Amino acid sequence: MSIGCNYDNPWIYEEKIFDSDQIQDYYGFVYLIRNTLNHRSYIGRKYFWQFRTPKGKNRKVKSESDWKKYYGSCPELKEDIQKFGKENFTRNILSLHRTKGKTNFEETRQLFVHNVLTESLDDGTPAWYNSNILSRYFRKDYYGNTD
């Protein structure tokens, strides 16, 4: 665990550890996770809050999500985290957002800005773990295509 932080491999925002007391009224964030061994990366988004209906209750209750432990939803990324260990991945918050819509929009924008479906490393491996954008645009349709 890092000094001054209450969770392992903390999220970094503007070169500082990000913690619960900094959430304030933000709804979510867009992030970049980088594998420091093979240099592949992943862009995603995560919400700070979850809304659940407790058993036997009618109203949803707002509570902090699992964002501190979160490493993305991508199966290939999760496999590499298991294989290489969490300590070989950096987790950076690219931007913070006050609404769900702005969080989702910025994630999609960043995926296109970073060319996640077409960029490759020097050895030809895809540079990004992301294999699609919005489940509509897929790496297999664009990666390595010259037309």
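Each reported figure results from applying straightforward, stated rules to the coordinates on display, with no laboratory input. Here the structure is a predicted model, which is why all the values come from computation and not from measurement. Virtual Cβ from ideal backbone geometry, glycine too; neighbours counted across all protein chains shown.
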Using the Cα centre of the chain as origin and beta-carbon charges of +1 (Lys, Arg) and -1 (Asp, Glu), tell me which of 6, 49, 38 is placed farthest towards the positive end of the dipole. 49
Of 46/83; 16/62; 86/140; 60/100; 55/102, which sit over 21 Å apart, Cα to Cα? 46/83; 16/62; 86/140; 55/102
Stretched fully, the stretch from residue 12 through residue 141 gains (0.36 nm per residue minus C-alpha distance, one decimal, in nm) 43.1 nm
Estimated translational D of the stretch 1-72 in µm²/s (Stokes, Kirkwood radius over Cα pairs; 10 °C; 1.306 mPa s): 113
In order through the stretch 89-104: 3J(HN,Hα) via Karplus (6.51 cos²θ - 1.76 cosθ + 1.60), integer Hz, x for Gly, Pro: 10, 9, 10, 10, 8, 7, 7, 10, 9, 8, 10, 4, x, 5, 4, 5
Counting only C-alpha contacts under 8 Å and six or more residues apart, can you give the relative contact order of the chain as a whole percent? 26
For the stretch 71-147, just the Cα set please: Rg and Dmax, both in angstrom. 13.9, 39
Counting C-alpha atoms alone, how compact is the chain: give Rg to one decimal and Dmax as a whole number, in angstrom. 16.7, 57
To the nearest 20 debye, what charge dipole does the stretch 12-134 have about its Cα centre, counting +1 at the Cβ of each Lys and Arg and -1 at the Cβ of each Asp and Glu? 960
Between the residues 131, 103, 113, the Cα farthest towards the positive end of the dipole of the stretch 12-134, that dipole coming from +1 and -1 charges on the beta-carbon of Lys, Arg, Asp and Glu, is from 103
